[in-house]
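Below is one structure, written out as structure tokens, with a few remarks after it.
The values are calculated or read from the model by the stated rules, or taken from the named source; none is laboratory data. Quick caveat, the model's predicted, so the values are computed rather than measured. All Cβ positions, even for glycine, are placed from backbone atoms using ideal geometry, and neighbour counts span all protein chains on display. Each accessible area value is taken on the protein alone, full model and side chains, heavy atoms only, with ligands, DNA and RNA left out. Shrake-Rupley method; radii C 1.70, N 1.55, O 1.52, S 1.80 Å.
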Amino acid sequence: MIDFGYTIWIPLIPILMFLFIGLTGHKYKPVISGYLGTLGLLTSAALSYYTAYQYFFNVGKVAGVYEKIIGFNVTWLRFTDTLHIDLGTLLDPISVMMLVVITTISLMVHIYSLGYMKGEKGFARFYAVLSLFSFSMLGLVLATNIFQMYIFWELVGVSSYLLISFYYEKPSAVAAGKKAFIVTRFADLGFLIGILMLSFITGTFDFKTLTDPNGAAIMQGGSAAFLGLSVMTWALLLIFIGGAGKSAMFPLHIWLPDAMEGPTPVSALIHAATMVVAGVYLVARLFTIFALSAPVALEIVGYVGGITSLFAAVIACTQNDIKRVLAFSTMSQIGYMMLALGVSGYGGEEGLGYMASMFHLFTHAMFKALLFLGAGAIIHAVHSNNMTDMGGLRKYLPWTNITFLIACLTIAGVPPLSGFWSKDEILVAAFEHNKFLFAIEFLVAGLTAFYMFRLYFNVFWGKDRHYHHAPHEAPPVMLFPLVFLAIASIFSGFIPFTSLVTSDGEAFHVGTEWIVAIPSVLIGLIGIAIAWIFYKKETAIPDKLASSFKLLYKGSLNKFYIDEIYLFVTKKIIFALISKPIAWFDRHVIDGFMNSIAFVTNFASEKIKGMQSGQLQQYAYVFVSGVVILAFVFIYLLKF
Amino acid sequence: MLTGILIIFLFIVSLLLFALPNSKHIKTIALLGSLAAFGISIAMLFQFLNDCPCVLTFNPDILQVLGINFKLSIDGLSILLILLTTFLTPLIIFSSFENKREKPRAFYALILLMEMSLVGVFAASDVLLFYIFYELALIPIYFIIALWGGKDAKKITLKFFIYTLIGSLLMLVAILYVYSLTPGVHSFAFNSFYNVILTGKAQSWVFLAFFIAFAIKIPIFPFHTWQPDTYSTAPTQGSMLLAGIMLKMGLYGLIRFVLPLCPVAMKDWGFYAILLSIIGIIYSSLIAIKQNEMKRFIAYSSMAHVGLIAAGIFAGTFNSLEGSIIQMISHGINVFGLFFIYEIIVRRTNNGNISSLGGIASKAPIFAIFFMLILLGNIALPLTNSFVGEFLLMLGIFEYNAYLAFFAGFTIILGAVYMLWMYQRVAYGEVKPATENFHDLTKQEIIILIPIIIMIFWIGIYPSLFLKIAEPVVRNIISMTNIIPN
């Protein structure tokens, strides 16, 4: 048996790097901090791979079932013997998988940023906060209990805030950072109350106890009911609100598109591959309870995922900022993962959706990070985010072109690339459990292929734009991560998830469902074909379509005005109609009332000025006798 | 023993400062005196930890008239608040070194006198002694604000004075009433008071009197209107004393008197008291959003945080009381930090208006980092001090009533809203004329900020020490609240 105690170093190394760079970063050349951060992450990644190898292939499996292993544990706060908060590391299939995802993507982003961020003011700060983020995210997935998860959840939020507002001289970046923090914090209130309820019902924070399918936690909670749903359902729904906030589910998604104000490598790491899937991870973490004692909550998760994925895919079709297209695409894909959890049952083949969700999380991390880093290379070359400033770039950026094309084919679900396998499993799970959600996802599959290839053709094909200087390919340090992730995108679909990551830890077997797979590939190809006709050469078709479906087009272009609604509520209602009047009320009514009492007193005192002798003894005498009289009245006359 | 020495020592230093001629050494003497006081209280802490769980007492058997004892005793709650007092006072004194104050000797003597009274309040084991110190603390702060305050100082201090005096009078009446019921030979000792069992109706009146007295001090909505004016007109050191330490007297009083003396009234009225506190949290957070002057902003944000503490005390569960004690310490540290940040900004720009500031982060990056750390402490980020306190408070309030906990939770969101927005306008964005020449922190400022940052993370990362000290007191108080009269 191997001792997994060392796993605590996987998050600790990045935080030490953060402290080291933060405290000494100004003393040496900025690029050194970049190397230090990268080196730290490399160590964490090596440890994670080693852990994954040991866990999956050596010791994780006991009698055919993957166990939950506590690698390291320390008690932080103790309330009672059963209720205490620990900090530690929990190893099970999903946490180990997440370790691999996070360290891989984070390492690639670290390497990539050596080129992308070169010469930026605040280079050392960038690497310091990147390390802080890696620490928080690793601590989040390794959490042994829901409270530890909440702690790191918030830390992830702060790192994200600091990275989005990295260019703090730019007002839009600062506003976006704040928006992301506040919207997710709003959701986190739900999370916190949910945690309190859950611990109240079950008497524990511990994941191992909570998610034991034969444990007491699962059995309780069905008892008391509120508004027709069990208390457990409410608790889980509140917790899900937290997850929906972080994972940008409709209608808490408004921060994600704005978060694109951050540096592009950050978008790749945080807003595509790792942090935004924290909500999915949270539901997966508590999946046993969701599935066994609150199926209604799980169903809601599925519908929220489905709606989000359709909503975001429609918007992605009309956006012109390449990063925003990718942001909406991320939302849509995370919607897929949520939906997959929503249509899953517990145990064996019933748990297909669960497995598919985790599978898609893995493959999506690879190809979406690739897309973002590719977008970074494009932006690096043409100094613009806007699709209308791009065209014909395949001649100038050959490597970026190839890797970007691979990513687009992967997300469109073209076999045998990884996206095909994972998306197919989700569609099968949906097909078997909920035909309505299946229909939505089927449609989204077509839309995805369409908007991705709209982007691809617009950027790499079509006419050359007027460039200030000929766009040049990114340096090798940026190309290496692209190539690495491209390879991962191609091959990660062959990882046997059905025997590694399942809802109950036991392996199961599924064959390919051709009845689902063939149509889904076809609709993807149709999407690509339409994009090819529309955008490979400039045509008038898109404009015509836009004017004939004017309402839909305008709605989509303006993201269905959700931002405007929020803005209206906060600025016009909360700030102008609540905050301001209350401030006035406080100043004039409450304070005014108190002042007018003082005024009356003053007036009275003018009249009885004669009593003012200036003699201290007299005041003291009056004061004391007054008190005594009052006390006397209280005690003897009122006699209560 | 040490407690008595501490009080007498502070009194002597204060008198000495009054007596000395004005010179540039005054500041140094005051600083050294307060540091020595901190040293004594650290010694007290060690003595306390060795003797745990018994309490340190000091009872020189003088003044035994009418059952009044000069009795001081230290339990976990007292020692924590005394440490807060003696920890913050040297920092407050040091933070004023850059300012040119008129009549420095009086200024520093009053600060030390204030420190003495506060230590007395937290150490007293006799109700009348508590009351005397409680009132005594009012006098130095009154003069500090009136003599060194800004615009309208006289008028505003008068308002502050009247407000608190009304509260004090009500409290005195309640104290005398309970005194008259003490069993055997009447006595003001805490223990005699705790032995009084009041009827339900009497409890309601005593509760009301104490509630108003402490609600004014804390302040709880709607007894708070003295606070923004007073904070904004007081010299920054005065605001630090008021918000950092003095308002803890009210919270301390709630725990010491209201919970043990009025358990039945707590059952009847506690809900409404929590409700008022929570209304205050949301109300003051919403107002804070709209404030332009930084000091008023800090006043309202402080009121929101303190409201949560008060709500936790009224909830009276084990977790909420533990949370309230740890949060009292954290709030003192954080609010000092915020006021000092304000002081630094005003020193450089002569301007405390949020709208005329901006772009400080690019001019003074180290300052911006410290500012951010203190801000994170204030919005209760995990691993900072207020997170521990606010989480325990939320947990306790949730145990009391889940709906109230939900509304109390708004402090988490609104706190982030107003704090981040303020930070955005002050530190980010374009450099404004006022911040054109903003230079980074000086060594002296860093020396003051570092202990604050250390405490923010110490309590945040390893709160067990503080919770362990507070635990016996909380258990004791809870056992007393379970006594129900027939």
When you go through (1) in a helix (DSSP H, G or I); (2) open to solvent by 30 Å² or more (accessible area, probe 1.4 Å); (3) of a type in the set (A, V, I, L, M) one by one for A:Ile21, which number turns out not to apply?
-> (2)
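For B:Leu373, are the conditions met, namely being of a type in the set (A, V, I, L, M, F, W, C) and closer than 30 Å to A:Leu87 by Cα?
So B:Leu373 fits the description; yes.
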Those helices (runs of 4 or more DSSP H) lying entirely in the range A:222-328 with at least 1 residues without any contact (Cβ under 8 Å) to a residue 12 or more places away in the chain | A:295-316
Collect the residues in the range A:1-60 that are more than 28 Å from the chain's Cα centre (by Cα) and within 24 Å of A:Phe123 (Cβ to Cβ), keeping them in residue-number order.
-> A:Leu23, A:Thr24, A:Gly25, A:His26, A:Lys27, A:Tyr28, A:Lys29, A:Pro30, A:Val31, A:Ile32
Restricted to the range B:413-430, and to residues that are more than 9 Å from chain A (Cβ to nearest Cβ) and open to solvent by 20 Å² or more (accessible area, probe 1.4 Å), which residue is nearest to B:Ser285 (Cα to Cα)?
-> B:Leu414
Just one of the numbered conditions (1) over 24 Å from the mean Cα position of the chain (by Cα); (2) surrounded by 19 or more Cβ atoms within 10 Å (Cβ to Cβ); (3) away from chain A (no Cβ under 13 Å); (4) not hydroxyl-bearing (Ser, Thr, Tyr) is not true of B:Gly352; which one?
-> (1)
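Conditions tested, residue by residue: (1) within 14 Å of A:Pro263 (Cα to Cα); (2) out of contact with any strand residue (DSSP E or B) (no Cβ under 7 Å at 6 or more places or on another chain).
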{"position": "A:Trp76", "(1), (2)": "no, no"}
{"position": "A:Met98", "(1), (2)": "no, yes"}
{"position": "A:Ile102", "(1), (2)": "no, yes"}
{"position": "A:Gly115", "(1), (2)": "yes, yes"}
{"position": "A:Arg125", "(1), (2)": "yes, yes"}
{"position": "A:Ala128", "(1), (2)": "no, yes"}
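Here is a list: A:Thr43, A:Thr75. Which entry is surrounded by fewer than 24 Cβ atoms within 10 Å (Cβ to Cβ), hydroxyl-bearing (Ser, Thr, Tyr) and not in a helix (DSSP H, G or I)?
Values: A:Thr43 fails: not in a helix (DSSP H, G or I).
That would be A:Thr75, the only listed residue that is surrounded by fewer than 24 Cβ atoms within 10 Å (Cβ to Cβ), hydroxyl-bearing (Ser, Thr, Tyr) and not in a helix (DSSP H, G or I).
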Limited to the range B:1-26, what total is found for residues that are surrounded by fewer than 20 Cβ atoms within 10 Å (Cβ to Cβ) and farther than 19 Å from B:Gly120 by Cβ?
-> 7
Could you check B:Phe371 against (1) open to solvent by 10 Å² or more (accessible area, probe 1.4 Å); (2) among the aromatic types (Phe, Trp, Tyr); (3) within 14 Å of chain A (Cβ to nearest Cβ) and say which number it fails?
-> (1)
Determine whether A:Phe135 is more than 7 Å from chain B (Cβ to nearest Cβ), in a helix (DSSP H, G or I), open to solvent by 10 Å² or more (accessible area, probe 1.4 Å) and without any contact (Cβ under 8 Å) to a residue 24 or more places away in the chain.
-> no
Quick check: is even one residue across the range A:504-524 farther than 30 Å from A:Tyr346 by Cβ and open to solvent by 50 Å² or more (accessible area, probe 1.4 Å)?
-> yes
Given (1) without any contact (Cβ under 8 Å) to a residue 40 or more places away in the chain; (2) within 25 Å of A:Ile490 (Cβ to Cβ), where does A:Ser384 come up short, assuming only one miss?
-> (2)
Counting only helices (runs of 4 or more DSSP H) entirely within the range B:104-209, those with at least 3 residues that are buried (at least 22 other Cβ atoms within 10 Å of the Cβ) and within 13 Å of chain A (Cβ to nearest Cβ) are B:153-181
Within the range B:226-311, which helices (runs of 4 or more DSSP H) (wholly inside it) include 3 or more residues that are of a type in the set (Val, Ile, Thr) and at pLDDT 85 or above?
-> B:263-290
Among the listed residues B:Ser277, B:Ser324, B:Ser301, B:Ser284, which satisfies the condition of being out of contact with any His (no Cβ under 7 Å at 6 or more places or on another chain), within 13 Å of chain A (Cβ to nearest Cβ) and open to solvent by less than 10 Å² (accessible area, probe 1.4 Å)?
-> B:Ser284
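Answer yes or no as to whether A:Lys463 is without any contact (Cβ under 8 Å) to a residue 24 or more places away in the chain, open to solvent by 10 Å² or more (accessible area, probe 1.4 Å) and either touching a strand residue (DSSP E or B) at 6+ places or on another chain (Cβ under 7 Å) or not hydroxyl-bearing (Ser, Thr, Tyr) (or both).
Spelling it out, it is not the case that A:Lys463 is without any contact (Cβ under 8 Å) to a residue 24 or more places away in the chain, open to solvent by 10 Å² or more (accessible area, probe 1.4 Å) and either touching a strand residue (DSSP E or B) at 6+ places or on another chain (Cβ under 7 Å) or not hydroxyl-bearing (Ser, Thr, Tyr) (or both).
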